[in-house]
Amino acid sequence: MRLLLHIVLPLIIPIIIYVIWVYVDARRKGQNKPEWKTKSWFWSILIGLMLVATSLIYLSTLGNELGKKYQSPILKNGKIVPGYFK
């Protein structure tokens with residue numbers, strides 16, 4: 001889940017917004033299909049990479065539970081209980 005929130009979504013969201021904008025812009029200009037070759041993907045991918053870097057920096061510096069002790073995963077009655085902060 002953390003991989004999805006901190007890496008995948010920040011990369012995908014700008015691309016989805018860009019695709020929606022290209023379709024809206026094509027409709028506004030009276031075209032049926034957008035011109036993908038004339039559009040620049042550079043800014044969309046750059047913004048996505050910046051969001052990934054920002055989320056990873058946040059995770060490494062402020063994303064932990066400050067002042068709490070971490071209980072590592074343990075085996076109870078044959079089942080693994082995941083780690084948690086207490």
- Of A53, A26, which residue is outside any loop (DSSP other than H, G, I, E, B) and either exposed (fewer than 10 other Cβ atoms within 10 Å of the Cβ) or touching an Asp or Glu at 6+ places or on another chain (Cβ under 9 Å) (or both)? A26
- What residue, among those in region 61-75 that are hydrophobic (A, V, I, L, M, F, W, C) and more than 25 Å from I12 (Cα to Cα), is modelled with the lowest pLDDT? L66
- Item | All positions within region 1-23 that are at pLDDT below 80 and surrounded by fewer than 11 Cβ atoms within 10 Å (Cβ to Cβ) | M1, R2, L3, L4
- When residues of region 34-60 are limited to those that are among the hydroxyl-bearing types (S, T, Y) and more than 15 Å from I20 (Cα to Cα), the one modelled with the highest pLDDT: T54
- Those residues of region 71-85 which are surrounded by 10 or more Cβ atoms within 10 Å (Cβ to Cβ) and at positive phi amount to none
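The values are calculated or read from the model by the stated rules, or taken from the named source; none is laboratory data. Everything numeric in this text was worked out from a predicted model, so none of it was measured. With ideal geometry, Cβ positions are generated from the backbone for all residues, glycine too; neighbour counts draw on all protein chains shown.
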